[in-house]
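*Asks:* Just passing along the structure, written as structure tokens.
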Amino acid sequence: MKIARLFFVASAISSASLAATAYHNQVGYPTKAPKYIAVVGAEGKDIVFKDSEKQTVLTVKAPEAAYWKPANENASLVDFSELQTPGTYLAYLGDSAISHPIIISDNALEDATIASLRWFYYQRASLELTEEFAGKYARPMGHPDTAAKYHTLLGKELNATFASPKGWYDAGDYGKYIVNSGISTYTLLQLYQHNKEYFKKLSLNIPESNNDVPDILDEIRWNLEWMLTMQDEDGGVFHKLTTKQFCGTVMPDRDTKPRFAIGKSITATWDFVGVLALAADIYKTYDAEFSEKMAKAAGKAYWWAKEHPYDFFEQPSDIGTGSYEDGNAVDEQIWATAEMYRITQNDSILKDMRQFALNKSRWKLHGWQTVYAMAAFTIATNPDIFEKADVDSAKNLIFALADDYVGSLEENGYGVAMTEGDFYWGSNSVAANKGIVLLHAYMLTKEDKYLNAAIGILDYLLGRNPLDVSYLTGFGTNQVYHPHHRPSQADTVEAPVPGMLVGGPNKSANDCAKSHIDKDAVARSFYDNSCSYATNEVAINWNAPFAYLAGSLHAILSEGTVYDIHSKAEKFDINSIPSGKPNLNKMPAEGARMIFRDGMVQLEKTTRSGEKLYFNLNGNRIK
Ligand code: 9MR
């Protein structure tokens, strides 16, 4: 720990005394990839690249510097793509080295990909991590979750318990949350789906590595099995399984307070449907029974969701763990129904999917709360299943976002498709998720501009940023070292668990990072200290898109594979999906929020003209 801090300080001092400073990916550039460094203070000057023998291998004149607002700084984006010989290099300005070691290698992104996926193994609940797989991070089992309780508001019998083992810890805390599991698991399933050939052969060195299933699917299954336990008898899905309050900074086995299923929500249920429908397809070749079980569970949840459109999660007053609250489930419905249609091709499900058109007014980058983009990804990449009109609109939405990101690179000296508004809680996942959008645009068009913008984002996360830091633990010359992550803080190992992407700069951080906020340069609003959960925590929904980005770029740039968008889905008989009594034609209260009015819980919706409409929990209008 101390050593790394010194590194950080030493490099800051030396860069201050240099004529110029270069910011770059500190982990590695795939040999054939486009390669850029951002150099501050060298406009018009020669940047000389030298190999480990100090021989000059390339000289590039730094182009005109351009302003990048989040850094509040001008930088020249120096293109050294011509350098295509594996090795380690330094960039020089005159006699001074201005970069960290620049690594070019055929496998430049593979170790980071593996580490970011192996981190999910380190996050496993209900399992002892043995030295064989966890090395110095071995630890006793935490949270068996064999007798979880029900929160009183669920109205179950007093003292009733249920088994809800396995799953991944969400983040720096030990909670398990369905909504966040949803997007994370989906992202990892898509990583596999889009790069099957590569992931079929990739070993993650986890306990299941010797079976016949790709390791990434073994890892994901750990969480799927937990998700299945969160379905109640009526088909609805509990929102989360946590203690009442966050525990202290202790190892998992020391957090022994009771855990509760808390809330049953429409957003958790739709997310559950989306993930399990996709998983049913993917696991069918490996385990037909497991696959069928997931399709059935998705079907049961589907009918529950249709009958409970307004069961939004509200944090009970005695609970303090993450809330993942979201008062709008339209995007979750579109996404879940798209996944269900993909595996059933059932017309009534298609109707449900189309109940709310995919259109620009709802359209934005995906995140745990907003999953429209995931629907578009699925529809756009399955043109043999969805109708042309739907495929076209999904594609157009993806291109609209991707073109916007590419456009933001103009006059942007860092070459990073991030704008000021992106720097909120988990900004590094905003970056990585933008990378996913860009890679979809690339898969759909094969246009280099999208691929290059995605590479720029990876470079940003691994060091091409104004803090000169690699946000991935265990990787890079100046790597983050003090993440908000209970096991890394409470164990006796100095270095944090490797392969974790921290949340990143957050212009609104309200914790100990407050004094590090730079309103004029939001990309600097970061504090590498475990006290800062708002800038330096880790989370499964941040690591998953990082793994997607690094893993897909590795497959594309080093393995030469690009996803064939015409791949087929397994088809499940709609009769195997339990039927219910769907009776949802309209959702007049869409976008309403729950309030307490006239002595009862009601839904309040503000119309465009500002009029307030009120509904009961069944969605019927109250005058
Ligand atoms: O990622 C979540 C972020 O979007 C919210 O602003 C923040 C506050 O509600 O919560 C983040 O999620 C945290 C979750 O609530 C509990 N586990 C840790 C998550 C990452 O910080």
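The values are calculated or read from the model by the stated rules, or taken from the named source; none is laboratory data. It should be emphasised that the depicted structure is a prediction, and the values quoted were computed from it without experimental measurement. Glycine gets a Cβ as well: all are built from the backbone with ideal geometry, and neighbour counts include every protein chain shown. Calculation scope for accessible area: heavy atoms of the full protein, side chains included, ligands and nucleic acids excluded. Shrake-Rupley method; radii C 1.70, N 1.55, O 1.52, S 1.80 Å.
*Asks:* Not counting ligands, DNA or RNA, and with a 1.4 Å probe, what is F615's accessible surface area in Å² rounded to the nearest 10?
*Replies:* Accessible area, nearest 10 Å²: 10 Å².
*Asks:* With 28 Å as the limit, write out which pairs from K156/K300; K32/K200; K293/K446; K200/K434 have Cα-Cα distances beyond it, or answer none. Write down the numbers at each step before the final one.
*Replies:* On the way: K156/K300 20 Å; K32/K200 23 Å; K293/K446 37 Å; K200/K434 26 Å.
Over 28 Å apart, Cα to Cα: K293/K446.
*Asks:* Please report Rg over Rh for the chain, where both radii come from the alpha carbon positions and Rh follows the Kirkwood definition.
*Replies:* A ratio of 0.97.
*Asks:* Which lysines does K612 reach when only Cα atoms under 16 Å apart count, and residues fewer than 8 places away in its own chain are ignored?
*Replies:* K612 reaches K623.
*Asks:* Hey, if you put +1 on the Cβ of every Lys and Arg and -1 on every Asp and Glu Cβ in region 62-210, which of L90, A148, L158 ends up farthest toward the positive end of that dipole?
*Replies:* L158
*Asks:* Still on this structure, please answer the following. Tally Lys and Arg at +1 and Asp and Glu at -1 over the other residues with C-beta under 12 Å from the C-beta of L127: what net charge comes out?
*Replies:* Numbers: positive: R124, R139, K166; negative: E128, D145, E208, E219, E225, D253.
With Lys, Arg at +1 and Asp, Glu at -1, the neighbours total -3.
*Asks:* Can you give the local net charge around A171? Use residues other than it whose beta-carbon is closer than 10 angstrom to its beta-carbon, Lys and Arg +1, Asp and Glu -1. All intermediate terms of the calculation are to be shown ahead of the outcome.
*Replies:* Working: positive: R486; negative: D170, D173, E537.
Charge balance in the 10 Å sphere: -2.
*Asks:* A further question on this structure: Under 18 Å Cα-Cα from K449, which aspartates and glutamates qualify once same-chain neighbours fewer than 8 residues away are excluded?
*Replies:* Straight-distance partners of K449: D79, E82, D403, D404, E410, E411, D459.
*Asks:* Sticking with this structure for a sec: Can you give me the accessible area per residue for the chain, using a 1.4 Å probe, in Å²? Please report the intermediate quantities before stating the final value.
*Replies:* Details: 23750 Å² over 623 residues.
Normalised by residue count, the accessible surface of the chain is 38 Å².
*Asks:* Quote the charge dipole size of the chain about the Cα centre in Debye, to the nearest 20; the model charges only the Cβ of Lys and Arg (+1) and of Asp and Glu (-1). Don't jump to the answer; show the numbers that get you there.
*Replies:* Working: 60 positive and 76 negative charges, 261 e Å.
The dipole of the chain has a size of about 1260 debye.
*Asks:* Using a 7 Å offset from the Cα along the Cα-to-Cβ direction at both A147 and D347, what is the distance between the two label points in nm, to one decimal?
*Replies:* Modelled inter-label distance: 5.3 nm.
*Asks:* Which Cys in the chain stand alone, with every other cysteine's Cβ at 4.7 Å or more from theirs?
*Replies:* Those would be C247, since no other cysteine Cβ in the chain comes under 4.7 Å of theirs.
*Asks:* Quick check: net charge around E43, other residues with Cβ under 10 Å of its Cβ, Lys/Arg +1 and Asp/Glu -1? Working shown, then result.
*Replies:* Working: positive: K45, K61; negative: E64.
Residues close to E43 contribute a combined charge of +1.
*Asks:* Which helices pass in the chain if a helix is a full DSSP H run, must span at least 24 angstrom along its long axis by Cα, and must have mean Kyte-Doolittle hydropathy not below 0.0? Don't jump to the answer; show the numbers that get you there.
*Replies:* Details: long enough: 266-283 (25 Å, 1.33); 288-307 (29 Å, -0.74); 388-407 (27 Å, 0.13); 427-445 (27 Å, 0.71); 540-557 (25 Å, 0.84).
For the chain, where a helix must reach 24 Å along its axis and average at least 0.0, the hits are 266-283, 388-407, 427-445, 540-557.
*Asks:* If the limit is 24 Å between Cα atoms, which of K69/K514; K306/K395; K136/K284 go over it? Intermediate results must be reported in sequence, preceding the final value.
*Replies:* Details: K69/K514 20 Å; K306/K395 27 Å; K136/K284 36 Å.
Distance filter (> 24 Å) returns K306/K395; K136/K284.
*Asks:* Which one, F49, F80, P30, projects farthest toward the positive side of the charge dipole computed for region 20-105 from Cβ point charges (K/R +1, D/E -1)?
*Replies:* After comparing all options, I get P30.
*Asks:* So for the pair T249, N107, with labels modelled 7 Å out along Cα→Cβ, what separation do we get in nm?
*Replies:* Inter-label distance under the simple model: 3.6 nm.
*Asks:* Also, I was wondering about something else. Roll a 1.4 angstrom probe over the protein heavy atoms and tell me the percent of accessible area of the chain that is carbon or sulfur. Before the final figure, lay out the partial values.
*Replies:* Working: 11590 of 23750 Å².
Looking at the chain in its full context, I get 49 percent from C and S.
*Asks:* What percent do you get for the relative contact order of the chain when only Cα pairs under 8 Å and 6+ apart count? Let's see the in-between values first.
*Replies:* Numbers: 1386 pairs, mean separation 103.5, N = 623.
Over the chain, the number comes to 17 percent.
*Asks:* To continue, here is another question. Could you check the simple spin-label distance between C531 and T56, using points 7 Å along Cα→Cβ, in nm with one decimal?
*Replies:* For the pair C531/T56, the computed spacing is 4.9 nm.
*Asks:* To the nearest 20 debye, what is the magnitude of the charge dipole of region 493-538 about its Cα centre, counting +1 on the Cβ of each Lys and Arg and -1 on the Cβ of each Asp and Glu? Please report the intermediate quantities before stating the final value.
*Replies:* Numbers: 4 positive and 6 negative charges, 39 e Å.
For region 493-538, the charge dipole is close to 180 debye.
*Asks:* What 222 nm value per residue comes from the helices of the chain, counting each DSSP H run with n ≥ 4 as -39,500 (n - 2.57) and dividing by all residues, nearest 500 deg cm²/dmol?
*Replies:* Details: 17 runs with 221 residues, N = 623.
Dividing the helical sum by the residues of the chain leaves -11000 deg cm²/dmol.
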